[in-house]
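Contents: one structure, followed by commentary.
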Amino acid sequence: MLRNSSILITGGTGSFGNKAVSMTLEKYSPERIVIYSRDEMKQWEMAKLFVNDPRVHFIIGDVRDKEQLTRALDGIDNVIHAAATKIVPTAECNPFECIKTNINGAMNLINACIDTKIKNVVALSTDKASAPASLYGATKLVSDKLFVAGNSNTNGHKTRFSVVRYGNVMGSRGSVIPFFLKKGKNESLPITDKRMTRFMITLEEAVELVWHAFDDMVGGEIYVKKIPSMKLVDIANACKPNALQKIIGIRPGEKLHEQMIGEEDAMYTYEYDDYFKILPVIYDWSKDPNRIKDGVKVKDDFRYSSDLNLDWMSINELEDWINQSMGQVKGE
């Protein structure tokens with residue numbers, strides 16, 4: 001589906017976008033990939049990485065601007081929606097701005113994709129959209145609902161929308177691992193709560209989940225990859241094994257544990273070898289055999305959260321990943 005196609009990535013200068021571009025160029029050799037984002041400096045820095053690849057293009061624009069979005073989508077086949085205002089405390093203090101990007105921006109993209117007859121759209125979601133406790137999570141829940149319902153508003157154009165949902169991306173910009181690693185020898189590591197747990201997914205796995213969504217989607221599905229969990233204190237020990245840890249308390253809007261599938265979604269959720277799929281409630285699409293395929297229905301009281309996970313990453317496993325992927329030496 002992606003091979004020889006034209007792909008646009010909103011918010012494509014982030015950690016996900018950088019990895020998605022390099023991996024997709026190598027695996028699928030698309031005709032072109034367009035990075036659509038509003039930060040010209042990040043675009044300039046990213047452009048230097050692909051300066052010798054004529055398939056990579058950049059357009060300055062904001063998902064809040066439907067006219068510019070529509071222009072950028074001209075000739076595009078597939079879209080990955082990664083643009084978001086996502087820092088939880090910042091969103092709590094600036095809710096209007098978060099809503100403009102995460103909700104209004106999603107509406108603009110859905111309408112623009114339908115108007116320009118885009119074939120397939122995969123939107124990136126977050127664990128925080130499941131039973132949200134923060135403004136950011138609430139906006140992403142609304143965004144997920146918009147993309148799911150977008151499949152009923154295509155007016156025969158057959159634009160398909162689906163969503164992928166995952167938790168903490170290891171080593172991504174703004175995640176806790178590089179934050180801990182940058183701490184000096186004598187600095188303590190701030191720990192919000194000793195009980196806190198987080199899901200762990202690599203950027204490569206996040207990109208592969210998006211690829212799978214493009215291959216599998218009928219429209220309206222929310223894909224959730226099976227990934228391991230870790231305690232925050234163990235993440236800190238893997239990053240800086242000899243550092244002191246200081247308990248600072250949970251920040252506004254922050255959860256003790258991450259949840260990607262709640263009990264309210266369990267009756268519409270199916271399990272597969274490497275992932276779960278939440279099917280859309282509307283129009284009885286959750287009963288559609290083409291969407292279910294070979295999935296097995298989970299129990300009605302099922303909940304996929306980082307504290308109840310059966311798969312856990314060890315300190316040694318994270319240390320090995322840090323040494324291999326981030327060029328860090330244990331104990332530095």
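The values are calculated or read from the model by the stated rules, or taken from the named source; none is laboratory data. Not measured: the values here are computed from a predicted model. When we count neighbours, we look across all protein chains shown, and the Cβ atoms used for this are built from the backbone with ideal geometry, even at glycine.
Hey, can you tell me all the residues within the range 269-301 that are assigned to a loop (DSSP other than H, G, I, E, B), without any contact (Cβ under 8 Å) to a residue 60 or more places away in the chain and surrounded by 19 or more Cβ atoms within 10 Å (Cβ to Cβ)? Full working, then the answer.
As a first pass, look at the range 269-301 and keep what is assigned to a loop (DSSP other than H, G, I, E, B): 272-274, 279-281, 288, 293-295, 298-301.
Next cut, without any contact (Cβ under 8 Å) to a residue 60 or more places away in the chain only: 272-274, 279, 281, 294-295, 298-301.
Correct list: LEU279, VAL298.
Scanning the range 41-92 for residues that are under 15 Å from ASN108 (Cα atoms), hydroxyl-bearing (Ser, Thr, Tyr) and under 18 Å from the mean Cα position of the chain (by Cα) yields nothing.
Within the range 138-164, how many residues turn out to be of a type in the set (D, E, K, R) and either in contact with a Leu (Cβ under 8 Å, 6 or more places away or on another chain) or surrounded by fewer than 19 Cβ atoms within 10 Å (Cβ to Cβ) (or both)? Lay out the reasoning, then the answer.
Going residue by residue through the range 138-164, those that are of a type in the set (D, E, K, R) are 140, 144-145, 158, 160.
With the extra rule that they be either in contact with a Leu (Cβ under 8 Å, 6 or more places away or on another chain) or surrounded by fewer than 19 Cβ atoms within 10 Å (Cβ to Cβ) (or both), the set shrinks to 145, 158.
Residues in the range 138-164 being of a type in the set (D, E, K, R) and either in contact with a Leu (Cβ under 8 Å, 6 or more places away or on another chain) or surrounded by fewer than 19 Cβ atoms within 10 Å (Cβ to Cβ) (or both): 2 in total.
Determine whether the range 174-182 contains at least one residue that is crowded, with 21+ Cβ neighbours inside 10 Å, over 30 Å from LYS119 (Cβ atoms) and among the polar types (S, T, N, Q). Within the range 174-182 (the criterion being crowded, with 21+ Cβ neighbours inside 10 Å, over 30 Å from LYS119 (Cβ atoms) and among the polar types (S, T, N, Q)), the answer is no, since none of the residues qualifies.
Checking the range 171-190 against the condition returns no match, with no residue being closer than 30 Å to GLY295 by Cβ, out of contact with any Pro (no Cβ under 9 Å at 6 or more places or on another chain) and not charged (D, E, K, R).
Confirm whether VAL122 is in a strand (DSSP E or B), aliphatic (A, V, I, L, M) and at pLDDT 95 or above. Criteria met by VAL122. Here the condition is being part of a strand (DSSP E or B) and over 13 Å from the mean Cα position of the chain (by Cα); of PHE180, PHE161, PHE214, it holds for PHE161 alone. Summed over the range 52-102, residues that are surrounded by 16 or more Cβ atoms within 10 Å (Cβ to Cβ) and among the polar types (S, T, N, Q) total 6. Report, ordered by the first and then the second residue, all pairs with beta carbons closer than 6 Å, sequence separation of six or more or different chains, a first member in the range 71-95 that is over 17 Å from PRO30 (Cα atoms), and a second member that is surrounded by fewer than 14 Cβ atoms within 10 Å (Cβ to Cβ). From the range 71-95, the pairs are PRO89/ARG251; PRO89/PRO252; GLU92/PRO252.
Note on the range 302-321: among residues that are within 16 Å of LYS225 (Cα to Cα) and of a type in the set (A, V, I, L, M, F, W, C), the one that is surrounded by the fewest Cβ atoms within 10 Å (Cβ to Cβ) is LEU310.
For ASP62, the conditions (1) touching a residue at least 24 places away in the same chain (Cβ under 8 Å); (2) assigned to a helix (DSSP H, G or I) all hold with the exception of (2).
Check whether at least one residue in the range 192-211 is in a strand (DSSP E or B), in contact (Cβ under 8 Å) with a residue 60 or more places away in the chain, within 20 Å of the chain's Cα centre (by Cα) and under 20 Å from LEU279 (Cα atoms), and report yes or no. The answer is no, given that none of the residues of the range 192-211 is in a strand (DSSP E or B), in contact (Cβ under 8 Å) with a residue 60 or more places away in the chain, within 20 Å of the chain's Cα centre (by Cα) and under 20 Å from LEU279 (Cα atoms).
Tell me which residues, restricted to the range 3-42, are charged (D, E, K, R) and in a loop (DSSP other than H, G, I, E, B). Give the steps one after another, and end with the answer.
Just the residues of the range 3-42 that are charged (D, E, K, R), to begin with: 3, 19, 26-27, 31-32, 38-40, 42.
ARG3, GLU31, ARG38, ASP39 - these are the residues of the range 3-42 that are charged (D, E, K, R) and in a loop (DSSP other than H, G, I, E, B).
Cβ separations smaller than 8 Å between residues 6+ apart or across chains give the following pairs from the range 302-323 residues that are over 16 Å from LEU181 (Cβ atoms) and assigned to a loop (DSSP other than H, G, I, E, B) to residues that are of a type in the set (Gly, Ala, Ser) and at pLDDT 95 or above: PHE302/ALA266; ARG303/GLY262; ARG303/ALA266; SER306/SER229; ASP307/SER229; ASN309/SER229; ASP311/SER229; MET313/SER229.
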